[in-house]
Each structure stands twice: as structure tokens, then as C-alpha cells.
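Let me begin by presenting the structure, written as C-alpha cells, before commenting on it.
Every number here is computed from the coordinates shown, using simple stated rules; none is lab data. Computed from a predicted structure; not experimentally measured. Neighbour counts run over all protein chains shown; Cβ positions are idealised from the backbone, glycine included.
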Amino acid sequence: MKRSILLFSLTVLSFSFFAQDIKLPAPQKEGGMPLMEALSLRQTTREFSSKGLYPQTLSNLLWAAYGFNREDKRVVPSANNRQSFDVYVILEKGVYLYDAKENTLILKKEGDFRSSAGRQDFVAIAPVNLIYVADLRKTSSRDMAFADCGFISQNVYLFCASERLGTVVRGWFDKDELHQLLNLTEQQEVILTQTVGYNP
Ligand SMILES: Cc1cc2nc3c(=O)[nH]c(=O)nc-3n(C[C@H](O)[C@H](O)[C@H](O)COP(=O)(O)O)c2cc1C
């Protein structure tokens, strides 16, 4: 009995202290703010509280960014339906890859790497930095990858407006540093980054 209590406590402790894959709650695909109101509120913000997003909010955010809304197609269009992006998520606990099918964040690196996500001060404070990575073997062209990325970013802007979260899409980051951090291949390229968090 004592042994099982000890084992249970150790399991709970390891869940809370160590980074690991994160199974997200199913995204909520209904509700939210009417579209015209969200468009009216869409804006860039550059001040963030360090408070983490609730798992449900994170799940909804990622689904809005790059989830599937049909069997094999996504909430964003993509040139020639190449779906050439990966969305990496840098949280305080680690660097993760969003697996939209499994609705899971796959741990890639443990530790706080938020300061590697960009050069502006708020990047290291905000709870979430999204890194949009194109696989240039899959895209029809690099130009198309930039266009595809705009749709992802705008979905995040609109979701944030709807949830009254702050966000800023960023082209100012160290490409090489992120390439190394994410352990990308030569054919992969970070196109844009985007910070998300609560307003202070
Ligand atoms: C492709 C792109 C790259 C951007 N890069 C940055 C950036 O690195 N840092 C930043 O603070 N804002 C960045 N922005 C945000 C713009 O500065 C912002 O959208 C613009 O000032 C208009 O403000 P609004 O979004 O509130 O309408 C970027 C926007 C776009 C579309």
C-alpha cells in the first residue's frame, strides 16, 4: 500500500516538474466572438503578462493556427494544397512541435528557450511563441510559403482578438539561432514567428 502511494506521488511529481509531450484538450470549434467584431479588434500588441495560457486556450489557438477542419485539409488554405508548414511552440518549459492530428505538443527540447525566439524584450516574457517553419521541398515556391504563412498568422490574430489575447507576428528574429534550436533540416526555413499572451 505504502509502495503504491509512493509510486503514485512520484508519478504526479514527474508530471508537474518535467517537460514532456502535452496532450491537449480537444479544440472548441464553436462560439467565440462574431467575425466582424474580431476584425474590428484585430491589432498588434507588444506588452505581455508572463501568465501561461490555459490548456484549452492553447489547444483552441493552435487549432485556429493550423488545425484540420476536414479529414485532410486545414483551417488555412495552402498553395497547391501542399500544407508545407510545421508549427513549433516555445513555452516556458520547452520547445514543442504541434501535431494537429493527435492534438498533441511533441517535446523537442526541454528548458526555457523563449529568448531565442526573437530579439524584442517581450519575447522572453510572453508565455507562447509560435514558430512557423516551411519545408521548401513541399512548397511550390518560397514566395508561396510566405503567402501561406500569412494565413496562419492572420488566423492567430483573429483568434487572439476574439479571446482578448495580445499578439504580434514577427519577422525580426535570428534565423540561424532558431534553425539550430529547432534542429531543422537544410530544406526547412523559419518564415515568421508570432508571440501570444495575455495583456499585462
Ligand atoms: C510580415 C510582418 C512582419 C512583422 N514583424 C514584426 C516584428 O518583427 N516585430 C514587431 O514588433 N512587429 C512586427 N510586425 C507587426 C507590424 O509592425 C504591425 O502589423 C503594424 O505596425 C501594423 O499594426 P497592427 O497590426 O496593429 O495593425 C510585422 C508584421 C508583418 C505583417
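A few comments on the model shown:
- The amide H of R74, built 1.01 Å from its N in the peptide plane, has N69 as neighbours under 5 Å, considering only residues 5 or more places off or on other chains.
- Hits among aspartates and glutamates - C-alpha to C-alpha of K23 under 15 Å, sequence gap 8 or more where chains match: D99, E102
- Anisotropy class of the range 19-197 from Cα gyration tensor, a/c 1.5 cut: rounded
- Surrounding net charge for G118, when Lys and Arg each add one and Asp and Glu each subtract one, Cβ distance under 13 Å: +2
- Relative to the longest principal axis of the Cα atoms of the chain, the long axis of helix 2-17 makes an angle of roughly 30 degrees.
- Amide H contacts of R170 (H built 1.01 Å from N, under 5 Å, at least 5 apart or other chain): T193, Q194, T195
- Members of K29/K109; K93/K138; K51/K109; K29/K175 lying beyond 28 Å, as alpha-carbon distances in this model show: K29/K109; K93/K138; K29/K175
- Span from the the range 147-200 Cα centroid across to the the range 67-91 one, whole angstrom: 14
- Going from the fewest other Cβ atoms within 10 Å to the most, the residues S78, S40 appear in the order S40, S78.
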